[in-house]
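Written below as structure tokens is the structure these notes are about.
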Amino acid sequence: MILPRGKAFYENLRTSFVNFNEFLLTLKEESFTGYVRLAFWDYEGVLFLEEGEIVNALEEARGRRRGGTEAVRDIMARAKSDREGKIDAYILSPELVTLLSTLPHHEPFYTDLSTEFANFKGLLEKLRREVFTGYITVELTGGKGEGMIFLQDGEPIEVLLEREGGGGLRGVEELERMVEEVQVEGAVLNVYRSAEGTEGRERAEERLEEALDLFQQLFAETRKLIDSLAKKEGTFEESFHKARVDLADSYPFLDPFMGELKHQEGRFFLSGDVNPNEFVKGVGEAYDLALEKVPLKASKEELYEELRKVLKPFLDERAEELERLGFNEVLTELKP
């Protein structure tokens, strides 16, 4: 079971010499925040604590996992009855303990993936497209280090890597460095899916549908104005098509030849797994680039000035959705 070490509070204590109830009482008096790991030859149990109180537990035996109150009970019983175990306690931040305490609510998704055969970067991209919620454990080849990546709706929310002998990486901004290190050193990866992942995916699909509808209206209103100024029907659609081609490498769903995003009879249709955040960013950048490409004497800034006037009713009516879905961060020029 891979977990971040944190700062050692106790290490290598033997269950044969420790009264476990008194040990937990000491942790409570110390307002200990972190986890206690009990390791036996055929069993491993972890108690997660905040301010000395047990908030969750996770046990693993012969490849099977269990969490919750039953795991707490089993771990306590094992600590008292089996004298051949080892006890470690590590201090962690409250935020990290909160994150780790969700581990019992995950199930194996992919196991024992070797980077010799699996592309780590490609795996992360796949999970992002699938709006995956869960975590990945990383075990560097030769015992050189261990790490974890937590994902929420496909996006990383925490990255941890601890190297053998000390040092490591912490924080989402370190993901690229971690990917590079894994590619150089090699690793074994295990992916665990949140039991709430299906519900999260449904929410993401609803957001994507809402974003598509919002962009559909924005595109239709913009097309009317641009085609009117150009005195030629289809002018903006042609420019948007060119922008999609230019951005296809960055946003594969935009590639008009792949067919994920289709425009037929004045409406957009989307198929395949597309992260809602990626969709908003992709169509937003394509929209902006399309305005640069329209064959008009007016500059893009002048077009945006005209668009702000024409689109004001739409921008006012759907202001909350534009903000919530992230369109305002991409289409900054449309803001008054």
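No value in this document is a laboratory result; all are computed from the given coordinates. The shown structure was predicted, so the numbers you read here are calculated from the model rather than taken from an experiment. Heads up, the Cβs are rebuilt from the backbone with ideal geometry, glycines too, and the neighbour counts pull from every protein chain shown.
In a simple Cβ point-charge model (Lys, Arg +1; Asp, Glu -1; nothing else charged), the chain has a dipole of about 260 debye relative to its Cα centre.
Whole angstrom only: what separates the Cα centroid of the stretch 35-79 from the Cα centroid of the stretch 312-336? Going from one Cα centre to the other spans 48 Å. Think of the stretch 101-210 as a dipole: +1 on every Lys or Arg Cβ, -1 on every Asp or Glu Cβ, centred on the Cα centre; then among 127, 192, 115, 115 lies furthest on the positive end. Extension gain, residue 141 to residue 82, is 18.0 nm, computed as 0.36 nm per intervening residue step minus the present C-alpha separation.
When the alpha-carbon atoms of the stretch 106-195 are used, the pair Rg, Dmax equals 12.0, 36 angstrom. Hydrodynamic radius of the stretch 1-101 by the Kirkwood approach over all distinct alpha-carbon pairs: 13.3 Å. Using only side-chain charges placed at the Cβ, +1 for Lys and Arg and -1 for Asp and Glu, the dipole size of the stretch 180-312 relative to its Cα centre rounds to 740 debye.
Extending 7 Å from the Cα toward the beta-carbon at both residue 22 and residue 308 defines two label points whose distance is 7.3 nm. Based on alpha carbons, the Rg and Dmax found for the stretch 140-258 are 21.8, 69 Å. From the cross-link list 7/121; 231/293; 242/335; 86/121; 126/224; 231/262, which pairs have alpha carbons spaced over 27 Å apart? Over 27 Å apart, Cα to Cα: 7/121; 86/121; 126/224.
Mind checking the angle between helix 235-247 and the chain's longest principal axis? C-alpha axes, 0 to 90 degrees, to the nearest 10. So the helix axis and the longest Cα principal axis differ by about 30 degrees.
Its residue count N sets the reference 2.2 N^0.38 Å, and the alpha-carbon radius of gyration of the stretch 45-103 equals 1.12 times that reference. Across the stretch 222-309, the relative contact order, built from alpha-carbon pairs under 8 Å that are at least six residues apart, equals 30 percent. In loop segments of the stretch 221-253 as defined by DSSP, the trypsin sites (Lys or Arg not before Pro) with at most 14 further C-beta atoms inside 10 Å of their C-beta are 231, 232. For the chain, the longest principal axis of the alpha carbon atoms and the long axis of helix 68-81 meet at an angle near 20°. Centre-to-centre separation between the Cα atoms of the stretch 237-310 and those of the stretch 154-198: 33 Å. Would any residue of the stretch 36-56 have its amide N under 17 Å from a label point 7 Å out along Cα→Cβ of residue 91? List them or say none. Taking a point 7 Å out along Cα→Cβ of residue 91, the residues of the stretch 36-56 whose backbone N falls under 17 Å are 36-37, 49-53.
Entry note, the chain: the mean residue ellipticity at 222 nm calculated from DSSP H runs of n ≥ 4, each adding -39500 (n - 2.57), is -13500 deg cm²/dmol after division by the residues and rounding to the nearest 500. Along the positive direction of the dipole of the stretch 1-101 (beta-carbon charges: Lys, Arg +1; Asp, Glu -1; about the Cα centre), which of 3, 43, 76 reaches farthest? Positive-end residue among those listed: 43. Considering the dipole of the chain built from charges on the beta carbon (Lys and Arg +1, Asp and Glu -1) around the Cα centre, which of 283, 322, 101 is farthest to its positive end? Value computed over the given set: 101. For the stretch 106-195, the dipole from Cβ point charges (+1 on Lys and Arg, -1 on Asp and Glu) about the Cα centre works out to 140 debye, to the nearest 20.
Here the label points at residue 202 and residue 69, each 7 Å from Cα along the C-beta direction, are separated by 2.6 nm in the simple model. From the P(r) of the chain, could you give the percentage of C-alpha pairs in the tail past 26 Å? Beyond 26 Å sits 59 percent of the P(r) for the chain.
Model label sites at residue 117 and residue 14, defined 7 Å from Cα along the beta-carbon direction, differ in position by 4.2 nm.
Summing charges over all other residues whose Cβ lies under 12 Å from the Cβ of residue 291, with Lys and Arg as +1 and Asp and Glu as -1, gives -4.
Rg/Rh for the stretch 286-336 stands at 0.99; both radii use Cα atoms, and Rh follows the Kirkwood definition.
Computed from phi, the 3J(HN,Hα) profile of the stretch 29-46 under the Karplus parametrisation 6.51, -1.76, 1.60 (θ = phi - 60°) reads 5, 8, 6, 5, 10, x, 9, 10, 10, 10, 10, 10, 5, 10, 7, 9, x, 10 Hz, with x in place of Gly and Pro.
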